[in-house]
1. Report, by residue number, each residue of segment 33-59 that is touching a residue at least 12 places away in the same chain (Cβ under 8 Å) and small (Gly, Ala, Ser).
2. Suppose the filter is part of a helix (DSSP H, G or I) and surrounded by fewer than 13 Cβ atoms within 10 Å (Cβ to Cβ); does Phe72 pass it?
3. Across segment 8-25, what is the total count of residues that are surrounded by fewer than 14 Cβ atoms within 10 Å (Cβ to Cβ) and at pLDDT 90 or above?
4. Only one residue in Val28, Val67 is farther than 15 Å from Ala96 by Cα and either within 13 Å of the chain's Cα centre (by Cα) or buried (at least 18 other Cβ atoms within 10 Å of the Cβ) (or both). Which one?
5. Name the single residue that is surrounded by the most Cβ atoms within 10 Å (Cβ to Cβ) among those in segment 32-64 being within 11 Å of the chain's Cα centre (by Cα) and of a type in the set (S, T, N, Q).
6. So Asn5 ticks every box in (1) polar (S, T, N, Q); (2) in contact with an Asp or Glu (Cβ under 9 Å, 6 or more places away or on another chain); (3) at pLDDT below 85 but one. Which box is left unticked?
Amino acid sequence: MNQVNTSFEKLLDTVTGEVISKMLGAEVWRALTFYFDTKIATSDPEAFARVLERIFGASSKTIGHMVVKTLFTKLGIPPDRTEKKEFAEGISIAKARFPSHLTSLPSNP
């Protein structure tokens, strides 16, 4: 696995934790981290969406949408791009955008 994929996994893990902690509480996130593998989310977003659905039921759509929206925000993707995107599609778009996001960051002097 290359560094870009690893970095995207870290970003996705951070964003997922932020969203679930904000929506349901930090204790809930800590209790659920056992069930979340961001390697799956980056390689098979649909499988990750199924995990979300099994754990959160109908709320999984809202959580998934918020994860994608937060991810897009952190990557500088316009928020209107998240509208009507399924979780898997949003993750794929963010992953594709991630390497170009890295190259657009200013370098430290």
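The values are calculated or read from the model by the stated rules, or taken from the named source; none is laboratory data. Every value quoted in this text rests on a predicted model; they were computed, and no experiment measured them. Here the Cβ is made from the backbone with ideal geometry for all residues, glycine too, and neighbour counts use every protein chain on show.
1. If the condition is that a residue be touching a residue at least 12 places away in the same chain (Cβ under 8 Å) and small (Gly, Ala, Ser), then Ala41, Ala49 are the ones that fit.
2. Values: part of a helix (DSSP H, G or I): yes; surrounded by fewer than 13 Cβ atoms within 10 Å (Cβ to Cβ): no.
Against the criterion (part of a helix (DSSP H, G or I) and surrounded by fewer than 13 Cβ atoms within 10 Å (Cβ to Cβ)), Phe72 does not qualify.
3. The qualifying residues number 2.
4. Val67
5. Looking at residues that are within 11 Å of the chain's Cα centre (by Cα) and of a type in the set (S, T, N, Q), I get Thr42.
6. (2)
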